[in-house]
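The values are calculated or read from the model by the stated rules, or taken from the named source; none is laboratory data. None of these values were measured; they are calculated from a predicted model. Reconstructed Cβ throughout: ideal geometry from the backbone, glycine too, with neighbour counts over all protein chains shown. We work out accessible area using only protein heavy atoms, side chains counted, and drop any ligands, DNA or RNA first. Shrake-Rupley method; radii C 1.70, N 1.55, O 1.52, S 1.80 Å.
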Amino acid sequence: MNTKTHMVNIAGPLAIAAIVLLPSPRIANAAHANQAGPDRAQIPAAPVLPKVAPQYWLAPLGFEANQGQVDGSVRFWARTPGGNVFLTASRAVFAGPNSMCQMNLAGASDHPQITGVEPLPGKVNYFRGTDPRSWRTGIPTYAKVCYSSVYPGIDLAFYGNQQNLEYDFVVAPGADPRVIALEFQGAKKMEIDTKGGLLLSTQDGEQWHHQLLAYQEINGTRREVPARFVLAKGESPETVRFQLGKFDPAEPLFIDPVLAFSTYFGGSSEDQAYSIALDGAGNIYVAGQTDSPDLPTSHAVSSKLSGSYDVFVTKLNPSATAIIYSTYLGGNAVDRGFHAAVDNAGNAIVAGVTFSTNFPVAAAAQPKFGGGDRDGFVAKLNSTGSALIFSTYLGGSGSDEFSGVAVDRSGGIYAVGDTSSTNFPGLVPAASAYTNRFAVLLAKFGPDGSLKYSSSLGGSGPYDSAIDVAVDDANCAYLTGYASSKDFPLVNPLQSAERGGYDAFISKLNPAGTALVYSTFLGGSGNDVGRSIALDPAGNAYVSGDTFSTNFPTASPLQATNAGTEDVFVAKLNPTGSALVYSTYLGGSGKELGGIAVDSSGCAYLDGVTSSTNFPTVNPWQPTFGGATWDAFVAKINSAGSALVYSSFLGGNGDDQGSSIAVDQTGNAYVAGATTSTDFPTVKALQANGLREVASLPDPVGRVLDE
């Protein structure tokens, strides 16, 4: 089965940037395939679960009011990574290092009302020369600039999406959107792509005016209107207009450029992304596994496939148009990178599992394979991807692996998973010593790769496993996963008894990893799994996973009942873990699982996979199920947990899965996953081609499958 990576960036109110690879659950579950025991068939396979990337806030683009610091015709201006943007009464001027391109509103009003809205904190000061009369101080900045009545009944707004400039038109009832005409001067070439997006070529590079989203809100329901850029006939060759489908002229119409990028990425065989992360500059990091001998590599630690499957780590620029580095990492057997994180210096950390006795090591806390069938590994690459800062095994004589990783503000690294080794290096139980075959594992490394501590949690059941980890400002680690032990260690529990075959758990450990601050079950009478965990600035913990239970504990739910076989659950715990702020199901009549990320306002972002054609959608950019058995989904829940801000399918004609999600300060969600679809929507693609052959995905929410 051949697979490719693909990336998607959706900007604007429903802003998502996503990178999606095709995971094969059958392959991904191989790490547990040979484990014996009657209960193994009921244990969820952690490696294919959604993972959540660390969150790095990006400074929003701001517009300065012109108070004499630039030419008098300019009303507002902004700095972007590609140059400056100047907004005048009738045009937007994009000034790059070597060229200038301006967007004129042809036929528009010469004197629209222009207002800065959504003030940003802080002021801008200019002290030029020695004459104080030339100084400009206390200049306000704004997140958005609004033009009223640029055309009769039509308003225009410019705003920042991360560090990119976006613009929307709002057409009042009865107004005619056909009068909108955009004239671009200074572009060497203009192209309309097959999906109706506009690409301008300038001396400084490409300028992308994204595929359009047009919609109307009618009786509380968003209805999309087909829309695309078209070259204006009989007018200047530099002029474009909007081509719109049928819409209700009695209702407002919103025209919004949305899709920023979408691309496949991979070689000629299987390439599977499990994790995505962002750094402070907006660069995108993807990690997973590959058996493609021709995976695109650049500035690689290793440019050749070493085993049957290798880890890959790829760093892309913020628009996903260029590879900064891409490398294999592996030995002579199977190696899988299940989760990635990025520290404040732009160093990538990847954790996973290796079956190789010659996995590449550097400055290793444990330089040799520990024994058993597999070891966990943690590796840290420098910001250019040219060298390993450290790379280490970590494991004992049993079976060990890491499924999740997080980084604290000081560069400390926390890896979680499970172990059956009674001689795991440095192991100190955080609670009573475990007696089961597999216990929860947490290991902390220093920035240099030195092992600071390793802790275990477990009871007398056959299997307890951590899947994801988050870290707060006090360096307390928060774990989630699943436990089959009825005597799993609990402290100040919200739920003190296991209610199903296995339940989700949430545990908070002290900074030393030696004691539990709180630890609780969370589940109903069916099987429940905590897939991912995230924190907000106030210390609330957000957990998502999947549940078979019809009596999963809910609180102020936006969906009160399990709608199908297996639904996603989303739960928010207060800072002490003593109460549910909210807890809800989310799903349709089929199966779902999903991961979570949280923004600074406490809004939760979910991605995952669904087999439900009636998965709940709100303000969707793809309102219907698109493919074969599985579609990816992306959803946002408001901070109170009372409503979906948006929820949408995402997929093509095959099977599509969302596996990892991160979110930036402006509400863009970055998603990694997988696809067998040859028509997954691609825009401004780094790699436009899909699969050479298409195969259906095994059940991604099934249990361990034998090879």
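Within the set of pairs 6 or more residues apart or between chains, which connect a residue that is without any contact (Cβ under 8 Å) to a residue 12 or more places away in the chain inside the range 64-77 to a residue that is assigned to a loop (DSSP other than H, G, I, E, B) with Cβ atoms less than 7 Å apart?
So the pair list comes out as Asn66/Val74; Asn66/Arg75.
Yes or no: the range 595-614 includes at least one residue that is of a type in the set (S, T, N, Q) and open to solvent by less than 10 Å² (accessible area, probe 1.4 Å). Before the answer, list the steps.
Looking only at the range 595-614, we keep the residues that are of a type in the set (S, T, N, Q), and these are 600-601, 610-614.
Then keep just the ones that are open to solvent by less than 10 Å² (accessible area, probe 1.4 Å); that gives 610, 612.
Yes, the conditions are met somewhere in the range 595-614.
Please give the strands (runs of 3 or more DSSP E) falling wholly within the range 100-192 in which 1 or more residues are aromatic (Phe, Trp, Tyr).
On the way: elements: 100-105, 113-119, 124-126, 136-139, 141-151, 154-161, 164-171, 182-185, 189-192.
Filter on the range 100-192 gives 124-126, 141-151, 154-161, 164-171, 182-185.
For the subset of the range 360-394 comprising residues that are among the β-branched types (Val, Ile, Thr) and within 25 Å of the chain's Cα centre (by Cα), which member is modelled with the highest pLDDT?
Only one residue fits best here, namely Val378.
So which residues in the range 300-328 are open to solvent by less than 20 Å² (accessible area, probe 1.4 Å) and closer than 15 Å to Lys380 by Cα?
Across the range 300-328, the qualifying residues are Val311, Phe312, Val313, Thr314, Lys315, Tyr325, Ser326, Thr327, Tyr328.
Could you check Thr263 against (1) open to solvent by 30 Å² or more (accessible area, probe 1.4 Å); (2) modelled with pLDDT under 85; (3) among the hydroxyl-bearing types (Ser, Thr, Tyr); (4) within 17 Å of Lys315 (Cβ to Cβ) and say which number it fails?
Every condition holds for Thr263 apart from (1).
Return the only residue of Ser556, Ser519 being hydroxyl-bearing (Ser, Thr, Tyr), closer than 23 Å to Cys476 by Cβ and at pLDDT 95 or above.
That would be Ser519, the only listed residue that is hydroxyl-bearing (Ser, Thr, Tyr), closer than 23 Å to Cys476 by Cβ and at pLDDT 95 or above.
Which is surrounded by fewer than 24 Cβ atoms within 10 Å (Cβ to Cβ), at positive phi and outside any strand (DSSP E or B), of Gly331, Gly370, Gly411?
Exactly one of Gly331, Gly370, Gly411 is surrounded by fewer than 24 Cβ atoms within 10 Å (Cβ to Cβ), at positive phi and outside any strand (DSSP E or B), namely Gly411.
Mind listing whichever residues of the range 477-489 are open to solvent by 10 Å² or more (accessible area, probe 1.4 Å) and within 31 Å of the chain's Cα centre (by Cα)?
Scanning the range 477-489 gives a single hit, Ser484.
So, of the residues in the range 128-150 that are under 19 Å from Glu64 (Cβ atoms) and free of Cβ contacts under 8 Å to residues at least 24 places away in the same chain, which turns out to be most open to solvent (accessible area, probe 1.4 Å)?
Residue satisfying both the conditions and the ranking: Arg128.
Check off (1) open to solvent by less than 30 Å² (accessible area, probe 1.4 Å); (2) farther than 28 Å from Asp599 by Cβ; (3) outside any loop (DSSP other than H, G, I, E, B) for Ala466 and give me the number that stays unchecked.
Checking Ala466 against (1) open to solvent by less than 30 Å² (accessible area, probe 1.4 Å); (2) farther than 28 Å from Asp599 by Cβ; (3) outside any loop (DSSP other than H, G, I, E, B), the one that fails is (2).
Do the conditions hold for Gly564, that is, is it touching a residue at least 40 places away in the same chain (Cβ under 8 Å) and either surrounded by 23 or more Cβ atoms within 10 Å (Cβ to Cβ) or of a type in the set (D, E, K, R) (or both)?
On the way: touching a residue at least 40 places away in the same chain (Cβ under 8 Å): yes; either surrounded by 23 or more Cβ atoms within 10 Å (Cβ to Cβ) or of a type in the set (D, E, K, R) (or both): no.
It is false that Gly564 is touching a residue at least 40 places away in the same chain (Cβ under 8 Å) and either surrounded by 23 or more Cβ atoms within 10 Å (Cβ to Cβ) or of a type in the set (D, E, K, R) (or both).
Mind checking which residues of the range 531-579 are within 25 Å of the chain's Cα centre (by Cα), among the aliphatic types (A, V, I, L, M) and under 25 Å from Leu509 (Cα atoms)?
Matches in the range 531-579: Ile533, Ala534, Leu535, Ala538, Ala541, Val543, Val570, Ala571, Leu573.
From Val416, Val342, grab the single residue that is under 17 Å from Val286 (Cα atoms) and not small (Gly, Ala, Ser).
Val342 is the lone residue from the list that is under 17 Å from Val286 (Cα atoms) and not small (Gly, Ala, Ser).
Can you find a residue that is β-branched (Val, Ile, Thr) and over 20 Å from Pro553 (Cα atoms) anywhere in the range 508-517?
yes
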